Amino acid sequence: MQFLSIEESNSHELESLLSLAAEMKSTRGITSNQPLAGQTWAIIFTKASTRTRVSFEVGIRELGGNVMFLSGNDIQLGRGEPIKDTARVLGCMVHGAVIRTFDQEDVEDFSSYSGIPTINALTDKEHPCQILADLLTIREKLGTWEGKKVVFIGDGNNNMSRSWMWAAKYLGFEFVVAAPKSCLPPQDFIDHLDAPNVALTTSPAAAAKNADVINTDVWLSMGQEGQDEKEALFGDYQVNDDLLSHCSPNHIVLHCLPAYRGKEISEETLEAHANTIFQQAENRLHVQKAVLATLVE
């Protein structure tokens, strides 16, 4: 009844969600399956969003449900009401919740106290729905992730890189994180991960050697804006033509968007790989529909 993190998932669950997402994508507009018919879902965001909000609202409606969007300013959470109280109230009134917020603990507490299906639409700890969209894109573009080398360039200790590391552990592909030393995941996380197929480096060129997938994200996560000293660490970590020259011939480039062109990715590189990047963005809709449908089975 919940999808809160890649860490709490497993290879079978990930494969099943991706297979269902591919099926839903191929039958979009020609199927009458509406597992959310008669249901109302709450979308609770304390962080701004474009792709996440639109894809969830469209997905819930396409599956037959109604949507109620609640920003942090719309509800008592914004005035300090405990998450467990909000969860108990909404659990009596709506059929499921999609939450985008800062603390992973808030999503977990909401799920526990509400008793309704709950989806993590992004926290500072993980971004599980985005990882599903990325994996679906890799399967569509490369056929499989098996035997592939996937590289993440940027902040190695943000929600995207952490979620990717858990996906690599469960699905078995080679995964390399390239980040400034102070932005690599701490040792206690690596020990907890316990994945020999995950490697860390401070060299983007070394990470990109023979890579099949180059993935990046903004250098400063939401809420970190203005941290100029941290941003200055990433000057050598831009995804551009020079970096991609180290990759395998048929590589693809991913970016979860929004992109700051000229920072984590060059204008030319983003435009050269725009078809893949915006296919990746579209896939948010399909994987989230799969998660929604699975949670109400």
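Within the span defined as the stretch 168-191, every residue fails to be within 14 Å of the chain's Cα centre (by Cα), assigned to a loop (DSSP other than H, G, I, E, B), modelled with pLDDT of 95 or more and buried (at least 21 other Cβ atoms within 10 Å of the Cβ). Kindly evaluate VAL213 against the criterion of being closer than 17 Å to SER161 by Cα and in contact with an Asp or Glu (Cβ under 9 Å, 6 or more places away or on another chain). Here the answer is yes, as VAL213 does meet what is asked. Screening VAL98 against (1) surrounded by fewer than 21 Cβ atoms within 10 Å (Cβ to Cβ); (2) modelled with pLDDT of 95 or more leaves a single unmet condition, (1). Can you list the helices (runs of 4 or more DSSP H) lying wholly within the stretch 211-272 that have 2 or more residues being without any contact (Cβ under 8 Å) to a residue 24 or more places away in the chain? Where helices (runs of 4 or more DSSP H) fall fully within the stretch 211-272 and carry at least 2 residues being without any contact (Cβ under 8 Å) to a residue 24 or more places away in the chain, they are 228-231, 267-272.
Looking only at residues of the stretch 19-33 that are in a helix (DSSP H, G or I) and farther than 16 Å from SER55 by Cα, we find that the one that is farthest from the chain's Cα centre (by Cα) is SER26. Based on what the data block shows, is ALA37 surrounded by 21 or more Cβ atoms within 10 Å (Cβ to Cβ) and at pLDDT 95 or above? It is false that ALA37 is surrounded by 21 or more Cβ atoms within 10 Å (Cβ to Cβ) and at pLDDT 95 or above. Considering only residues in the stretch 40-55 that are under 11 Å from SER71 (Cα atoms) and not charged (D, E, K, R), the one that is surrounded by the fewest Cβ atoms within 10 Å (Cβ to Cβ) turns out to be ALA48. The lone criterion from (1) of a type in the set (Gly, Ala, Ser); (2) modelled with pLDDT under 95; (3) closer than 20 Å to MET1 by Cα left unmet by GLY80 is number (3).
Just one residue in the set LEU285, LEU220, LEU257, LEU243 is buried (at least 20 other Cβ atoms within 10 Å of the Cβ), touching a Ser or Thr at 6+ places or on another chain (Cβ under 9 Å) and closer than 25 Å to PRO128 by Cα; that residue is LEU285. Of the listed requirements (1) touching a Ser or Thr at 6+ places or on another chain (Cβ under 8 Å); (2) hydrophobic (A, V, I, L, M, F, W, C); (3) more than 28 Å from VAL213 (Cα to Cα); (4) in a helix (DSSP H, G or I), ALA97 misses just one: (4). Among the numbered conditions (1) touching a strand residue (DSSP E or B) at 6+ places or on another chain (Cβ under 8 Å); (2) within 20 Å of ASN66 (Cα to Cα), the only one that LEU4 does not meet is (2). Residue count for the stretch 100-123, restricted to those that are assigned to a loop (DSSP other than H, G, I, E, B) and either assigned by TED's automatic domain parsing to the domain that holds ALA168 or under 20 Å from VAL296 (Cα atoms) (or both): 3.
The values are calculated or read from the model by the stated rules, or taken from the named source; none is laboratory data. It should be emphasised that the depicted structure is a prediction, and the values quoted were computed from it without experimental measurement. No Cβ is skipped: glycine too gets one built from the backbone with ideal geometry, and neighbour counts run over all protein chains shown.
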